[in-house]
Amino acid sequence: MSNNPTSASWLPVCALDDIVPNTGVCALVNGEQVAVFHVTAGNDKAAVYAIENFDPGSRAAVLSRGLIGSLGERIVVASPIYKHHFDLRTGECLEAPENSVSAYPVRVESGKVWVAA
């Protein structure tokens, strides 16, 4: 999948309201599992992120079920198996950079979440 939104096809995933704030869901995008996260700050400003759902450390498709938090300025999800932290903006695995995953462009339009594939 491309990280360049100008060359990517945007696909609708779900309504933003279908994702409980500060959690993630898994979506099948062009045959790939993508973890989509709805993150809110204290000011009700919503942000949406998308990364690969597959955790290379545990070799399981579980990142959408991880806990969202922050480490410094980074918004992360902790894998539910080995607790490795993945940056939701970049897909970087903070504890083991060699286990980093892809991050995908994502946007919200008219209440729908779209992921670039």
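Values as computed for the structure displayed
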quantity	calculated
Sequence-distant residues sharing a close amide H with ARG89 (under 5 Å, placed H)	ILE75
Rounded Å value of the spacing that divides the Cα centres of segment 22-67 and segment 74-102	11
Mean Cβ count within 10 Å, highest first, over the residues of peptides 66-74, 93-101	93-101, 66-74
Order of PHE54, PHE86 - criterion: other Cβ atoms within 10 Å of each residue's Cβ, fewest first	PHE54, PHE86
Normalised contact order of segment 10-116, rounded percent, pairs of Cα under 8 Å and 6 or more residues apart	27
Expected-Rg normalisation [2.2 N^0.38 Å, Cα atoms] applied to the chain	0.98
Exposure proxy ranking, count of Cβ atoms within 10 Å, fewest first, for ARG107, ARG59	ARG59, ARG107
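Values quoted throughout were computed directly from the atomic coordinates according to the rules given, and no laboratory measurement underlies them. Owing to the predicted nature of the structure, the values given are computational and were not obtained by experimental measurement. Cβ: placed from backbone, ideal geometry, glycine included. Neighbour counts: every protein chain shown.
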